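What follows is a single structure, written as structure tokens, with notes after it.
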Amino acid sequence: MIMDVLKKLFERHFGAPATYVQPLQGELGGSGRKIIRLSNDKTSAIGILYGVREENVAFLEFSKHFRGHKLPVPQIHAEDLDHGAYLEEDLGDMTLFEFLSKNRTGTNVAPHVLDAYKKVVAILPRFQVEAGRDLNYDVCYPIGSFDRQSIAWDLNYFKYYFLRLAGIPFNEQALENDFGCLTELLLSAKRDYFLYRDFQSRNIMLRDGQPFFVDYQGGRKGALQYDVASLLFDAKADLPPDVRQRLLDHYLDSLKNYTDIGREAFMRHYYAYVYVRMMQALGAYGFRGFYERKAHFLQSVPYALKNLRWLLHNVKLPVALPTLMGAFTSMLASEKLQGLASEADNLIVRIFSFSFHRGLPKDETGNGGGFVFDGRNLPNPGREERFKPLTGKDAPVIEYLNQQESVHQFLASVMSLVDASADNYKQRGFKNLMVSFGCTGGQHRSVYLAEQLAKRMRARNGTEVVVRHLELEKLGK
């Protein structure tokens, strides 16, 4: 019934019903919002369902304001705030993060990716200064500015959900003293600009080579340094230090067109904001990973530690923070966190089963695909009455398929291809390989094939296997 709200909005706005509805928010999402693509043969739109009215109001009003300043944000087609729903322009599927991931080899970032990042940092001052001057900050949620209270939330988030849960020792009062000194330094920066708050590569879409910006509903008044720090030290993007510096220089050159803040004044506070943004992100990883036990959020921790190591070796803040720096050093030496780093070196093989009637699984890693194998040429257990209520994980179906010579031949070919790709991916430092098996109903053959490959891949060293049976998930099996 909730989904019907979006369908009604779509039909009312476009004058024709949506014939295709596809959820886009996958297992990696942490916001709690439902993101759905609705389309027909003429048009498509993105539907959002979220129960926090104030946050929806902030996004909608910010969107209209930014479009008034001709900034590249999605057009709002329709809204129903009473039901927590709205429709926005469909900007496609290519995020800046995916574009970066597809066009890099280790630390070598392709020139056209750097060009895309330059476009992004050149537009950022227009949000911060130009559009920030006449923005209605009264609609900000949950707070109107990045002030002392907001900073305290982020620092305590880091302390209780990362340091505590990671087992990093610290003196509580001495750490609070350092937090106080850091807060005073942060608050001494000029803070009457728009602060996007979550300005990172997954919140920037690329369409026809041009950037579009989404997910600014947490925006508020704050300092210039925070957002560019968020983008350049975005943990999983893992930008090389020389690329970060070139992009920071390009941002500062662009900023001159909108405000007269000098480079020296900007840089006095910049790395303090890098640190506080990094701590906020680590708090989120700890909360989702250690506390809620959603392990995939911990995959970003090794990249954040890599950034932290660089900061400790290359940056000196204008205030002394001995206890905080000691905690950072302990993080780098932590066996528990080093274990996460070794896990991050694993190749993650994501194996899906699906029904061809429902469309192909979506790759959410930015790697761009992998293998799709069609199992419809194999004997179909679903045609026999005794197997209809069962799945490819049940013993009678497994026994039936194990007796089919064509199934063994099919699997032998599949495993040869996947083994070769996995070896090549490991050698080249790639982190993700996706393998999908489809059949007619997505219940028997594809499930069996996915399970058989998963068993094979789990026996490999340095390989992490994630299996999802999309049709069984919908059926609750």
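In a fully extended conformation the segment linking Arg268 and Lys119 would gain 51.1 nm over its present Cα-Cα distance, using 0.36 nm per residue. Under 5 Å between amide hydrogens, built in the peptide plane, is the criterion, and for Glu79 it picks out Leu87 among residues at least 5 positions away or on other chains.
For an R0 of 35 angstrom, estimate the FRET efficiency from the Cβ-Cβ distance between Arg376 and Trp153 and round to the nearest 0.05. For Arg376 and Trp153, the calculated efficiency is 0.10.
Shape of segment 115-155 from the C-alpha gyration tensor: oblate (a/c of 1.5 or more and a/b not above b/c, with a ≥ b ≥ c the square roots of its eigenvalues). Extension gain for Thr43-Arg460 works out to 145.6 nm (0.36 nm per residue, less the C-alpha to C-alpha distance). What shape does segment 381-426 have by the C-alpha gyration tensor, where a ≥ b ≥ c are the square roots of the eigenvalues, rounded means a/c under 1.5, and otherwise prolate means a/b greater than b/c and oblate the rest? Because a/c hits 1.5 or more and a/b exceeds b/c, segment 381-426 counts as prolate.
Annotation for segment 81-138: trypsin sites (Lys or Arg not before Pro) lying in DSSP loop with at most 12 further Cβ atoms inside 10 Å of their Cβ are Arg133. Taking one equal scatterer on every alpha-carbon of segment 211-309, how large is log10 of I(q)/I(0) by Debye at q = 0.24 1/Å? Computed log10 I(q)/I(0) values: -1.39.
In order along segment 141-157, phi translates into HN-Hα couplings of 9, x, 8, x, 8, 7, 9, 4, 5, 5, 5, 4, 4, 5, 5, 6, 4 Hz, rounded to whole numbers, per the Karplus curve 6.51 cos²θ - 1.76 cosθ + 1.60 with θ = phi - 60° and x for Gly and Pro.
Which shape class, rounded, prolate or oblate, goes with segment 322-438 when its Cα gyration tensor gives a ≥ b ≥ c as root eigenvalues, a/c under 1.5 marks rounded, and past that a/b bigger than b/c marks prolate? Numbers along the way, then the final one.
On the way: a/c = 2.86, a/b = 2.41, b/c = 1.19.
It is prolate, given that a/c is not under 1.5 and a/b is the larger ratio.
Across segment 304-313, rounded Karplus estimates of 3J(HN,Hα) from the backbone phi angles (6.51 cos²θ - 1.76 cosθ + 1.60, θ = phi - 60°) give 5, 5, 4, 4, 4, 4, 5, 4, 5, 8 Hz, Gly and Pro being marked x.
At 1.4 Å probe size, with the rest of the protein present, what percent of the exposed accessible area of the chain is carbon and sulfur atoms? That fraction is 49 percent.
Near Leu195, once Lys and Arg are set to +1 and Asp and Glu to -1 for all other residues with Cβ below 15 Å from its Cβ, the sum equals +2.
Where does the charge balance sit around Ala454 when Lys and Arg score +1, Asp and Glu -1, over other residues with C-beta under 14 Å from its C-beta? The partial results should precede the final answer.
Details: positive: Arg350, Lys393, Lys455, Arg456, Arg458, Arg460, Arg468; negative: Asp419, Glu451, Glu464.
Within the 14 Å Cβ shell, the charges total +4.
With N counted as the residues of segment 27-120, its alpha-carbon radius of gyration over 2.2 N^0.38 Å works out to 1.31. Each Cα pair under 8 Å and six or more residues apart adds its separation to the average, and for segment 282-331 the resulting relative contact order is 25 percent.
Note that segment 61-69 has calculated 3J(HN,Hα) couplings of 5, 4, 4, 5, 5, 5, 5, x, 8 Hz, one per residue in order, obtained from phi through the Karplus relation 6.51 cos²θ - 1.76 cosθ + 1.60 (θ = phi - 60°); glycine and proline are x. Full extension of the chain between Trp310 and Tyr291 yields a length gain of 4.1 nm, computed as 0.36 nm times the residue separation minus the alpha carbon distance.
Per residue, the average separation of C-alpha pairs within less than 8 Å and at least 6 apart gives segment 24-122 a relative contact order of 20 percent. Of the options (1) 63, 23, 19; (2) 42, 29, 20; (3) 46, 28, 20, only one is semi-axes √(5λ) of the Cα gyration tensor in Å as computed from these coordinates, and that is (2). Spatial offset of segment 43-95 relative to segment 140-199 amounts to 29 Å, using the alpha carbon center of each. Less than 5 angstrom separates the built amide H of Asn40 from those of Thr19, all sequence-distant by 5 or more or on a different chain.
When Lys and Arg each count +1 and Asp and Glu each count -1, what net charge do the other residues less than 12 Å away from Arg386, Cβ to Cβ, add up to?
Summing Lys and Arg as +1 and Asp and Glu as -1 gives -2.
Computing FRET efficiency as 1/(1 + (r/R0)^6) for Thr329 and Glu399, where r is the C-beta to C-beta distance and R0 is 51 Å, gives about 0.35.
For the chain, the relative contact order comes to 14 percent (Cα pairs under 8 Å, sequence separation of at least 6).
Counting heavy atoms of the protein chains only and a 1.4 Å probe, report the per residue accessible area for the chain as a whole number of Å². Working shown, then result.
Numbers: 21570 Å² over 477 residues.
Dividing the accessible area of the chain by its residue count gives 45 Å².
The values are calculated or read from the model by the stated rules, or taken from the named source; none is laboratory data. Fair warning: this is a prediction, and the values are worked out from it, not measured in the lab. As a convention, Cβ positions derive from the backbone with ideal geometry for all residues, glycine included, and neighbour counts pool all protein chains shown. Ligands, DNA and RNA are excluded from the accessible area calculation, which covers all protein heavy atoms including side chains. Shrake-Rupley method; radii C 1.70, N 1.55, O 1.52, S 1.80 Å.
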